[in-house]
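The numbers here are math on the coordinates, done by the rules we state, and not lab data. Because the structure is predicted, anything quoted here is derived from the model rather than measured. Don't worry about glycine lacking a Cβ; one is built from the backbone with ideal geometry, like all the others, and counts go over all protein chains shown.
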Amino acid sequence: MYEALSLYIDGEFVDGGLRSSQVVTNPSTLETLAHLPHANEVDIDRAIAAAHRAFESWRQTSPVDRASILRNVATRIRNDIDTIARNITLDQGKPLAEAKVEVLACAEHVDWHAEESRRIYGRVIPARHSSIRQIVVHEPVGVCAAFTPWNFPFNQAIRKVAAALGAGCTLILKGPEESPSAVMAIARLFHDAGLPKGCLNIVWGKPAEISHRLITSPIVRKISFTGSVEVGKQLAALAGSHMKRVTMELGGHAPVLVFDDSDVPRAAKMLAKLKVLNAGQACVSPTRFFVQEGAYDDFVSIFRDTLASVKVDDGLQADVTMGPVANERGGAACSDRVPRFLSGIVGAIKLPILSLAAWRSMLHPASDRPASNEADSGYTSSGNCRLSDARGLPSRTLSNKPLHI
């Protein structure tokens with residue numbers, strides 16, 4: 001059964017009631033999974049107050065005790081991996097095997113932070129005078145606000161939660177509304193592990209409204225955001241105007257370089273598999289390839305064959321290697337390229353029989369050529385739907401002439 005959705009404030013799971021809500025759908029079938037309640041201003045203020053109240057006692061908790069709760073959560077993750085992963089596949093779309101890898105790796109993240117929480121060492125600094133003793137003691141910064149994306153919903157959230165709690169901070173987390181089950185599972189795991197109330201709070205709603213209320217609150221001392229560069233700039237500017245500490249993990253668009261003397265078959269297979277990871281919705285998904293002339297034909301041939309073997313379908317089906325794009329925005333961003341996908345170098349494609357709307361989210365991986373010199377402005381760090389090569393473009397082709405970097 002799909003995860004029960006609610007707010008999580010001051011140790012309580014708060015149902016929707018009369019609050020506004022949004023529908024959570026399965027991107028593979030477009031079936032409704034649940035309704036997600038949105039936090040109102042009173043809810044957000046309650047979460048801030050709860051985190052502030054809990055911080056006064058949590059910061060005094062022994063690192064050994066904090067580590068014990070984190071290790072408890074790590075064990076619960078391993079025991080509940082099948083349920084958590086299945087729900088991620090239901091609301092995010094990635095194949096079940098990928099979801100299980102994501103969840104299992106997160107248990108290691110939590111174990112690591114459990115151990116690091118016991119190693120928050122200080123320093124003794126030599127002084128100019130023997131009567132002076134200078135030491136550095138690290139203290140938790142206070143109440144933190146975290147914002148996490150939908151492409152790796154469990155991974156991105158658990159890393160922020162475990163790090164903050166392990167350091168002695170309390171946290172208000174706004175997870176991804178379109179793929180909320182992973183963050184709800186995190187709330188349940190910490191609740192069942194005995195985390196004191198108020199230390200972790202979960203809110204949902206309109207991102208701009210929640211981020212503004214959290215960042216501008218004088219109680220919130222630290223901001224952590226993972227997402228697009230565009231949104232990151234806006235949040236950094238808002239945080240800067242209030243002198244808040246900010247940690248940003250934003251997208252990139254770095255190219256792949258393939259040289260003649262590399263292991264071309266291995267590189268082509270590895271990069272093709274990386275390209276379809278999470279349907280290309282990853283900041284590390286390669287989108288631009290610069291291939292030296294001598295390796296080009298072999299690279300494209302092997303890359304094409306690897307892509308052609310990809311099985312695209314509902315992530316819960318057996319042997320599926322790529323699921324749908326996670327939301328309607330992703331499908332819309334790629335829909336204008338479908339004709340080129342259909343006639344791309346991959347050749348014939350096999351897609352499941354779905355409704356037209358669901359079919360749009362089931363885009364088979366394909367390659368276009370030639371590519372423009374500029375990255376498509378419609379692509380984000382977690383929504384790369386096209387692969388381009390650079391053959392035929394003199395400014396982009398890697399020749400056998402010496403390269404100066």
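Computed values, structure above
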read-out: Cβ-based charge dipole, the range 7-250, positive-most Cα from Gly198, Gly142, Ile120; value: Ile120
read-out: Pairs from Lys197/Lys273; Lys174/Lys269; Lys244/Lys273; Lys94/Lys206 whose Cα-Cα separation, in the structure shown, is over 31 Å; value: Lys197/Lys273; Lys174/Lys269; Lys244/Lys273
read-out: Ordering of 177-189, 282-294 by burial proxy (mean other Cβ atoms within 10 Å per residue, highest first); value: 177-189, 282-294
